[in-house]
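Notes to accompany the following structure.
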Amino acid sequence: GKTFTGWQGDTDSYEIVDGAIRCKAGKGGNLFTNGRYGDFGVRLQFQLPPGGNNGLAIRYPGTGDPAYAGFEVQVLDDSDAKYATLKDYQYHGSVYGVVPSHRGYQRPVGEWNFEEVVVRGSRITVTLNGSTIIDADLAGLPTHLGDQHTGLHRTEGHFGFCGHGDAVGFRDIKLRELPAAK
């Protein structure tokens, strides 16, 4: 929460404010770890502005769109009217284009939320404010993103943030590698 040491990518599109990494309003792009991870867990807090949109890049290879080249866990104020027609796999916490999340656990816009994502082999668990909103095995699941979604079954890559032009903040980020799934 002090520098971008350990991060790469679109560092000019993000800023550090009060110990949080925040996407600059009107900017976007991908900010991702220098390290690559196979099985890992990440705990963090996030804060959304009204209508805010970002994402967690999972096993991102470092090039291309993380939602397709790896996979993305949505970070979204899906209560905003502009998102009234989302598909179920686009709401906050969903594995974008693949697995819909359980809804109703997000705090009001502007408050800090606590999220944990654990990836072991092909299994992903997403916990939001103490409630499990995704627990799925991605092996063999279809994607709604078509043939472009080449990274769904990647076994390693970078962790990061997928900015969409909104001032979404992340703080207290703790990532740890886990022993490989058996």
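Based on the reciprocal of the average 1/r between different C-alpha atoms, the Kirkwood radius for the stretch 11-93 equals 14.2 Å.
Cross-link partners of Lys174 among lysines, defined as those whose alpha carbon lies under 28 angstrom from its own and excluding same-chain residues fewer than eight positions apart: Lys2, Lys24, Lys27, Lys182.
For the stretch 1-60 and the stretch 75-106, compute the distance between their C-alpha centroids and round to whole Å. Using only Cα atoms, the two centres lie 19 Å from each other. Phi angles of the stretch 16-23 translate, via the Karplus equation with coefficients 6.51, -1.76, 1.60 and θ = phi - 60°, into HN-Hα couplings of 10, 10, 6, x, 10, 7, 10, 5 Hz per residue; Gly and Pro are given as x.
In plain terms, the chain from Asn34 to Arg107 could stretch by 23.2 nm, reckoned as 0.36 nm per residue minus the Cα-Cα distance. Scalar couplings 3J(HN,Hα) for the stretch 136-142, obtained by applying the Karplus form with A = 6.51, B = -1.76, C = 1.60 to θ = phi - 60°, are 9, 9, 7, 4, x, 6, x Hz; x denotes Gly and Pro.
Compare the Cα positions of Pro108, Ala57, Thr85 along the charge dipole of the chain (+1 at Cβ of Lys, Arg; -1 at Cβ of Asp, Glu; about the Cα centre) and return the one farthest towards the positive end. The Cα lying farthest towards the positive end belongs to Ala57. Taking 0.36 nm per residue of separation and subtracting the Cα-Cα distance, full extension of the segment from Phe4 to His164 would add 55.7 nm. Expressed in Å, the radius of gyration and Dmax of the Cα atoms of the stretch 1-156 are 14.9, 42.
About its Cα centre, the dipole of the chain is roughly 320 debye, where the only charges are +1 on Lys and Arg Cβ and -1 on Asp and Glu Cβ. Amide H to amide H, with H built 1.01 Å from N, Leu141 comes under 5 Å of no residue 5 or more places away or on another chain. Charge dipole of the stretch 74-182 (Cα centre as origin; +1 on each Lys and Arg Cβ, -1 on each Asp and Glu Cβ, all else neutral): 240 debye, rounded to the nearest 20. Residue-wise HN-Hα couplings along the stretch 165-180, as the Karplus relation 6.51 cos²θ - 1.76 cosθ + 1.60 with θ = phi - 60° gives them from phi, are x, 10, 7, 7, x, 10, 8, 6, 7, 10, 10, 9, 6, 10, x, 4 Hz; Gly and Pro carry x.
Once the C-beta distance of Asp135 and Thr63 is scaled by a Förster radius of 25 Å, the resulting FRET efficiency is 0.25 to the nearest 0.05.
Note on His144 and Arg176: the model spin-label points, each 7 Å out from Cα along the C-beta direction, lie 3.4 nm apart. Expressed as a whole percent, the accessible surface of the stretch 122-182 that belongs to carbon and sulfur atoms is 46, based on a 1.4 Å probe.
A cut-off of 5 Å between modelled amide H atoms, ignoring neighbours fewer than 5 places along the same chain, links Leu86 with no other residue. Translational diffusion of the stretch 130-182 was estimated from the Stokes-Einstein equation, with Rh taken as the Kirkwood radius over Cα pairs; at 4 °C and 1.567 mPa s the coefficient is 87 µm²/s.
The values are calculated or read from the model by the stated rules, or taken from the named source; none is laboratory data. Computed from a prediction, not measured in an experiment: that's the story for all the values here. Note: ideal-geometry Cβ built from the backbone for every residue, glycine included; neighbour counts use all protein chains shown. Surface accessibility is based on the protein's heavy atoms, side chains included, excluding ligands, DNA and RNA. Shrake-Rupley method; radii C 1.70, N 1.55, O 1.52, S 1.80 Å.
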